[in-house]
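This report concerns only the one structure given below.
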Amino acid sequence: MRLLLFIFLIFIKTVAYGNSYPAIIPAPVSIQLTDKQFIIDDETTIRFNNEDKELKELADFFSSYVGGISRYTLNHNTNAPKSIHLEIVNESGLGDEGYELNVNSTEISIRANNRKGIFWGMQSIFQTLTPVRTNTALVVPGMQIIDYPRFGWRGMMLDVSRHFFPPETIKQFIDLLASYKLNVFHWHLTDDPGWRIEIKRYPLLTEVGAWRVDRVNTPWPYREPVREGEPSTYGGYYTQDQIRDIVAYAQLRNITIVPEIELPGHSAAALAAYPEFSCTQRPQIVIPGGPYPEGIQTAYCPGNEEVFTFLKNILLEVMDLFPSEFIHIGGDEVEKSRWRNCERCQARIKEEGLADEDELQSYMIRRFDEFLTSHNRRLIGWDEILEGGLAPGATVMSWRGESGGIAAAQMGHDVVMTPGYPLYFDHYQAGPEGEPLAWGGMNTLKNVYDYNPVPSELTEEQGKFILGAQANIWTEFISTVSHLQYMFLPRMLALSEVVWSPAENRNWENFNRRLEGWHFRKFEKTGINYSRGNTRVSITPKSSDGQLKVYLDTEVIDSEIYYTLDGSEPTLQSYKYDGPIKIERSLTLTASAARDRRILGFLPARQDFNIHLAIGREVHYENPVSQRYSADGPNSLTDGVRGTLKLTEHWHGFNGTDMIATIDLGEMKTINRLTLGALQRNRDWIFLPPQVDFEISADGSNWEKWGIAPNPLMSGDDSNQIVDYTVINPSRDTRFVRVTARNFGVCPPGHPGEGHPTWLFVDEIVVD
Ligand code: ACM
Ligand code: ZN
């Protein structure tokens, strides 16, 4: 009830105060405004217990921030008419990181159980001050805030292997995390394209592993192989002194740095330095991007005991540098096929009574779990560490969707959620037309904002194992600071609200007003690049009740949508969207958002609709469609919209099962052609059905064969494509149509998913 009341207050005050409403991100648990504002000027002191060194450090931090935006230097503990009071208290309601902030005309008081809460309280005050340097006094609005985080793990991961960012950039990144009350910086320090941390005992890790041939001017996937004799000039690494300095810098800002040392896979750079720790032990290079060279070893050899000694020695130095309880050991995407052909690995499998290479990876992870635990640390790894059995102390970072995290939580293991959708910030956030090149997939600001780290599959008890969430930035395509900022701003601000604020305090429109009202201005004035948002209109077909309706939507607040039905570019003179559009003939719809009488975006959104006899009809499946690939809803196969070659759009997916669909056309119709569209993307485990059976029926119970369509492709054509399975007959009257598409079965020998169920993807049943 109390919370509800506060939400109401936020709404009312936003309207009443306009831009003067504090634009705090993440939104506090509760905030109440008063008219007793506090002025920071020459008559302001900052008070705290002088014995407390941490508070002095924080007071200095506060003074220095104020000095950066005004001409005031705050004295400490002097007699002054007005004070900012930092106070450590003992209040269970505030928890480990919470704070209480009271602002009236004579005092700003921040109270918390420890320095963390004081620091977060200071961040909230900063966001009420001018975003730009001013010569006038600083005004803090009168208010009372009670605030504490929803989750204890509020993180961002940065990959510095694919691109090395210098210490100053890392500090700026940490500053931004701290501004938004994020408290974990997951530092991805090692990977195939570069080893970035000095290890005293193994100097070649950085002398060799930190440098590669320069291909920075070519987009990552298209980079040419290294030629004989090319010098390795591109890269860099952090010395241990630099790391100590950065760790201390982060500590002052409430941020724990979780270092990641990848094992057993993604280790090509380390193996370029020390090839004796791979299965083949053959020399190799640090890869510059592009396809992996033939024969390259990305995984350590777990059959070799010296590998364990090597990695433990590395981890000892890592633990010495990083006080973090959690140490990330990677564990993702291990090329286990090398182990299959390695005598040592096979001997290890036999000796240890392991079933297969999955269990060999688990064996390795278990030994590092024991090692880290014996040093009072905890192991965290990517969700592949579940395969072959999860080590007893392991925490799982769920990146391939949420299923790994759900499984781990159900087993009573701690989990950090970082699913590719929507938390990979290296994916597109808009466009993609007009956007810098990125990995496919669309993670818009609103997708991030709407994310809930606790999946509904979990019971309340299991949900407690979700420590929190983080976003990841991989840097294949990102090689400048400005581009890096663009990718994580403002999505990181949405994340901060997801992991800090109570779910019921989240409000998309209000969030946008706070962004635009203060944070964007702050970025502009301080030279920080950010994305101005997703202006692309979403076009969502809905097929039901015999009709096709199209819904248009935009993430841009205070905007309008204009559209055309003839494929031309919308202008302010085109149709203005005011509700679902009924589509009754085949056509091309284009749509753009507009704000302040200006069309937004690089190109309009565009969708073809192909009208046929099954449009608007219910589709009944015998086997359920996958929740993950469910396109625009249950009747996506009768919405006139064909899929694209991209993975996720407009496709219904069936994992390992056949698609058996029945459609009631509503009345007897004359037909002569039945078509099912299917997708081939073998590398993504999506295989064409070997055949499709079509049947018709007048009553829905007595079925008659219409025909069988075999896979129409030439044998051996395994390129990505959309394939129509069609059977044409002389015209017939029918009311019901049944389509059965056989699943391919399991991935064939030699495929990375060998023996695992394949996906069947279908987009439309066309009845003509
Ligand atoms: C990952 O994205 N390979 C963890
Ligand atoms: Zn081996």
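The values are calculated or read from the model by the stated rules, or taken from the named source; none is laboratory data. Just so it is clear, the structure is predicted and the values come from calculations on it, not from any experiment. Cβ sites come from the backbone with ideal geometry, for glycine too, and all protein chains shown count toward neighbours.
Structure notes:
- Inside the stretch 436-455, residues that are free of Cβ contacts under 8 Å to residues at least 40 places away in the same chain and over 16 Å from Thr554 (Cβ atoms) make up a count of 2.
- Evaluation of Phe308 against the conditions (1) within 12 Å of ligand 2 (Cβ to nearest atom); (2) over 27 Å from Tyr234 (Cβ atoms); (3) surrounded by fewer than 19 Cβ atoms within 10 Å (Cβ to Cβ) shows that the sole unmet condition is (1).
- Set Leu316, Leu321: member being within 32 Å of the chain's Cα centre (by Cα), over 30 Å from Pro225 (Cα atoms), crowded, with 17+ Cβ neighbours inside 10 Å and more than 16 Å from ligand 1 (Cβ to nearest atom): Leu321
- Looking only at the stretch 367-404, and only at residues there that are in contact with a strand residue (DSSP E or B) (Cβ under 7 Å, 6 or more places away or on another chain) and part of a helix (DSSP H, G or I), the one that is farthest from ligand 2 (Cβ to nearest atom): Gly404
- Residues of the stretch 21-40 satisfying the condition of being in contact with a helix residue (DSSP H, G or I) (Cβ under 6 Å, 6 or more places away or on another chain) and either surrounded by fewer than 16 Cβ atoms within 10 Å (Cβ to Cβ) or of a type outside the set (A, V, I, L, M, F, W, C) (or both): Tyr21, Pro26, Ser30
- Filter result for Val762 (at pLDDT 95 or above, farther than 22 Å from His620 by Cα, β-branched (Val, Ile, Thr) and touching a strand residue (DSSP E or B) at 6+ places or on another chain (Cβ under 8 Å)): no
- Exactly one residue among Lys646, Lys669 is within 16 Å of Glu695 (Cα to Cα) and either aliphatic (A, V, I, L, M) or surrounded by fewer than 20 Cβ atoms within 10 Å (Cβ to Cβ) (or both), and that residue is Lys669.
- Any chance Val396 is within 22 Å of Lys312 (Cα to Cα) and either basic (Lys, Arg) or touching a residue at least 60 places away in the same chain (Cβ under 8 Å) (or both): no
- Lone unmet requirement of (1) outside any loop (DSSP other than H, G, I, E, B); (2) closer than 23 Å to Arg201 by Cβ for Tyr249: (2)
- Within the stretch 567-610, the set of residues being surrounded by fewer than 21 Cβ atoms within 10 Å (Cβ to Cβ), within 28 Å of Asp545 (Cα to Cα) and of a type in the set (Val, Ile, Thr) comprises Ile581, Thr588.
- Extreme residue, farthest from Arg400 (Cα to Cα), among residues of the stretch 343-366 that are among the hydrophobic types (A, V, I, L, M, F, W, C), surrounded by fewer than 23 Cβ atoms within 10 Å (Cβ to Cβ) and within 12 Å of ligand 2 (Cβ to nearest atom): Ala347
- When residues of the stretch 468-491 are limited to those that are more than 16 Å from ligand 1 (Cβ to nearest atom) and among the polar types (S, T, N, Q), the one surrounded by the most Cβ atoms within 10 Å (Cβ to Cβ): Gln485
- Single condition Ile174 does not satisfy, out of (1) in contact with a helix residue (DSSP H, G or I) (Cβ under 7 Å, 6 or more places away or on another chain); (2) assigned to a strand (DSSP E or B): (2)
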